[in-house]
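The values are calculated or read from the model by the stated rules, or taken from the named source; none is laboratory data. Please read all numbers here as calculations on a predicted model, not as lab measurements. Don't worry about glycine lacking a Cβ; one is built from the backbone with ideal geometry, like all the others, and counts go over all protein chains shown. The accessibility values were calculated without ligands, DNA or RNA, using every heavy atom of the protein model including side chains. Shrake-Rupley method; radii C 1.70, N 1.55, O 1.52, S 1.80 Å.
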Amino acid sequence: MSRYGPNEHDILIIGGGGAGLRAAIAAVETNPKLSVAVISKVYPMRSHTVSAEGGAAAVIKPNDNIDLHAYDTISGGDWLCDQDAVEAFVKEAPEEMLQLEHWGCPWSRQEDGKIAVRPFGGMKIERTWFAADKTGFHMLHTLFQTTLKYDTIHRYDEWFVTKLLVDDGRCQGAIALELATGKIEAISAKAVILCTGGCGRVFPFTTNANIKNGDGMALAYRAGVPLKDMEFVQYHPTGLPFTGILITEAARAEGGYLLNKDGYRYLQDYDLGKPEPKPVLRSMELGPRDRLSQAFVKEMEKGRTLVGPYGHYVHLDLRHLGKEVINTKLPFVRELCLKYENIDPVKEMIPVRPVVHYMMGGIHTDIHGATPLPGLYAAGEVACVSINGANRLGSNSLTECLVFGARAGKAAAQFASGQNDPSPAVALLVLDEERRIENQFFGNGKRNEHIALLRSEMHKAMEESAGIYRNEASLKKSADVIRNLQERLQNISLSDHSFTFNTELIAAIELSYMLDVAETIIQSALKRTESRGSHQRTDYQKRDDQKFLAHSLAYEVEHDPPRIEYQPVAITRWQPGERVYGR
């Protein structure tokens, strides 16, 4: 007979993507007796990891080593990375990638059968493993299938978490809403791991799926855990103008290049390297993402971009690669272009523009994924450990999900193994949460605000103030807008009062999460009066190591903007220097 009651587990993992599934496997391997639950608002195979295309970085070739990977990561992050975390990351990355190989991930191969690697942005050496251009798809399949081997891993598919359960100074589970029925239940656990991904949907143009609304960040923030380095928002230089769908960096790694309206490879004007002779044609296109996105803005200011119904754009040209290369190494890129733009990249150029792609910031954790709240851990994009600093290098993120998902899973298992059962009192908090949701979203009174309008106003404010370039005036203006939207959210009107698959209610709660996260981004950006990596202030154009070689920590303050504090960056072996590319 099981010693666990309904909805009782040792570890609860919120999020069923790459980091969450890797954490689940690590937890049961650390202690096979533990009951591990994975709760996800979508079926795990629909998690956003599945959309990652280009690859995952890890040292594998004889001309490479972990120190070189570490240096690329640290300098690419504009020296804001915690170097102890980076050293652990690059050391464990190859082990994790080989483990995935043993579990069945179909990595692309060279003709001699060895693992193939491709170059990626900001990496001086080719170290990005890939599976054609569907790397995340194959990684997620592999992890999901591996979890099915373990009877002690349980799943709550299509459940939406609304609150973390905190009692006696530690996290003891979560309250979640089952989408199919609308019932709200407590799921108790001795340790909780947040693996819910990023929050790109606070911006209007993003590569992120509709599920990436900063859920986990807001849950931790509301439980008193600080959000770290939230001002650092990565724009990917090649998204489709209307949908924001990602055209992977692999397209440039294979030799594609960016052209302005005159057909000129404009990146050679921005200190990102000079054009290499054919057939390479890829040096400057693989500069860091922040630099490439900033170069786009400069081209736009010079009147050298094209203008379409969804704003300014440039061209990504793959035609010279030929049909065979595109079909073999970039089949998904071709599929996306044909489906969403009615363009065949074999014959035509692809319109692209910078779109929000990744959050360098997230929940403050240590090197093992532990947050300051005992019993609460985080891994993947939702967390800030911090290996990405002010600008993440392409292909480090998928590997980060593996390395720190595994670390968080092990640490949570060790913590849970030494804890008493969760307090029975936490289950009583369900009634409070039911009343809160009822009052906030279905209560009586004047209700004349609509989700779509508030979300649109938030998008406009974020794009205008916290985009590729920022300044004090625009940030302060948008800070007032976000405050106002939070107040107006209290008068939200829902037309659907049913319980079964009430997606309108979920959207309203997600909007509340996004507004919390948006406020931390703006306030963190406002307080950091320097330019570093993806955070570019037009009114403070220099990097200031004297004052801001430090992580920002945003703490929730009831009825007021977040309190911003700072924590020194961990420096082990590499002293801050100039970021230099293409020389």
Item to complete: May I ask you to verify whether S397 is of a type in the set (S, T, Y), within 30 Å of V90 (Cα to Cα) and open to solvent by 10 Å² or more (accessible area, probe 1.4 Å)?
Response: yes
Practice prompt. Sort through T162, T207, T152 and tell me the only one that's in contact with a strand residue (DSSP E or B) (Cβ under 9 Å, 6 or more places away or on another chain) and open to solvent by less than 10 Å² (accessible area, probe 1.4 Å).
Written response: T162
Worksheet item: Which of the helices (runs of 4 or more DSSP H) contained wholly in the range 380-483 include at least 3 residues that are among the acidic types (D, E)?
Response: 429-442, 451-465
Item to complete: State yes or no: is S35 in contact (Cβ under 8 Å) with a residue 60 or more places away in the chain and open to solvent by less than 30 Å² (accessible area, probe 1.4 Å)?
Response: yes
Worksheet item: Within the range 92-182, which strands (runs of 3 or more DSSP E) (wholly inside it) include 1 or more residues that are at pLDDT below 95?
Response: 159-167, 170-178
Worksheet, complete the sentence: Given (1) under 30 Å from Y310 (Cα atoms); (2) touching a strand residue (DSSP E or B) at 6+ places or on another chain (Cβ under 6 Å), N213 misses just (2)
Worksheet item: Within the range 519-553, restricting attention to residues that are open to solvent by less than 30 Å² (accessible area, probe 1.4 Å) and assigned to a strand (DSSP E or B), which residue is nearest to P354 (Cα to Cα)?
Response: H535
Practice prompt. Pull up the range 242-256, narrow it to residues that are at pLDDT 90 or above and open to solvent by 10 Å² or more (accessible area, probe 1.4 Å), then point me to the one that is farthest from E126 (Cα to Cα).
Written response: I245
Item to complete: Look through the range 116-129, keep the residues that are over 19 Å from the mean Cα position of the chain (by Cα) and crowded, with 24+ Cβ neighbours inside 10 Å, and return whichever of them is nearest to Q234 (Cα to Cα).
Response: M123
Worksheet item: Since Q486 meets every condition but one in (1) at pLDDT 95 or above; (2) more than 20 Å from the chain's Cα centre (by Cα); (3) not in a helix (DSSP H, G or I), which condition does it not meet?
Response: (3)
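Every residue, every condition in (1) touching a strand residue (DSSP E or B) at 6+ places or on another chain (Cβ under 9 Å); (2) among the hydrophobic types (A, V, I, L, M, F, W, C); (3) open to solvent by 50 Å² or more (accessible area, probe 1.4 Å), yes or no:
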residue: P354; (1), (2), (3): yes, no, no
residue: G362; (1), (2), (3): yes, no, no
residue: H368; (1), (2), (3): yes, no, yes
residue: V403; (1), (2), (3): no, yes, no
residue: S417; (1), (2), (3): no, no, yes
residue: A425; (1), (2), (3): yes, yes, no
Discussion item. Among (1) open to solvent by less than 10 Å² (accessible area, probe 1.4 Å); (2) under 30 Å from G467 (Cα atoms); (3) outside any strand (DSSP E or B), there is one condition G197 misses while meeting the rest; what is its number?
Written reply: (1)
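Conditions (1) without any contact (Cβ under 8 Å) to a residue 40 or more places away in the chain; (2) closer than 28 Å to S465 by Cβ; (3) in contact with a Leu (Cβ under 7 Å, 6 or more places away or on another chain), marked per residue:
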site	(1), (2), (3)
Q536	no, yes, no
R543	no, yes, no
Q546	yes, yes, no
E556	no, yes, no
P562	no, yes, no
R573	no, no, no
R579	no, yes, no
Worksheet item: Restricting the search to the range 560-578, which residues are more than 27 Å from D271 (Cα to Cα) and exposed (fewer than 12 other Cβ atoms within 10 Å of the Cβ)?
Response: D560, P568
Item to complete: Check the range 209-223 and report whether any residue there is under 23 Å from T371 (Cβ atoms), touching a Ser or Thr at 6+ places or on another chain (Cβ under 6 Å), at pLDDT 95 or above and not polar (S, T, N, Q).
Response: yes
Item to complete: Name the one entry in N471, N491, N502 that is touching an Asp or Glu at 6+ places or on another chain (Cβ under 8 Å), farther than 18 Å from E556 by Cβ, open to solvent by less than 20 Å² (accessible area, probe 1.4 Å) and of a type outside the set (D, E).
Response: N502
Worksheet item: Does the range 344-379 hold any residues that are within 17 Å of A191 (Cα to Cα) and in a strand (DSSP E or B), and which are they?
Response: I363, H364, A370, L376, Y377, A378
Worksheet item: Is one or more of the residues making up the range 336-343 open to solvent by less than 40 Å² (accessible area, probe 1.4 Å), closer than 30 Å to Y555 by Cα, modelled with pLDDT under 95 and not in a strand (DSSP E or B)?
Response: no
Fill in: Selection within the range 239-258 - under 16 Å from A295 (Cβ atoms) and not aliphatic (A, V, I, L, M)
G239, E249, R252, G256, Y257
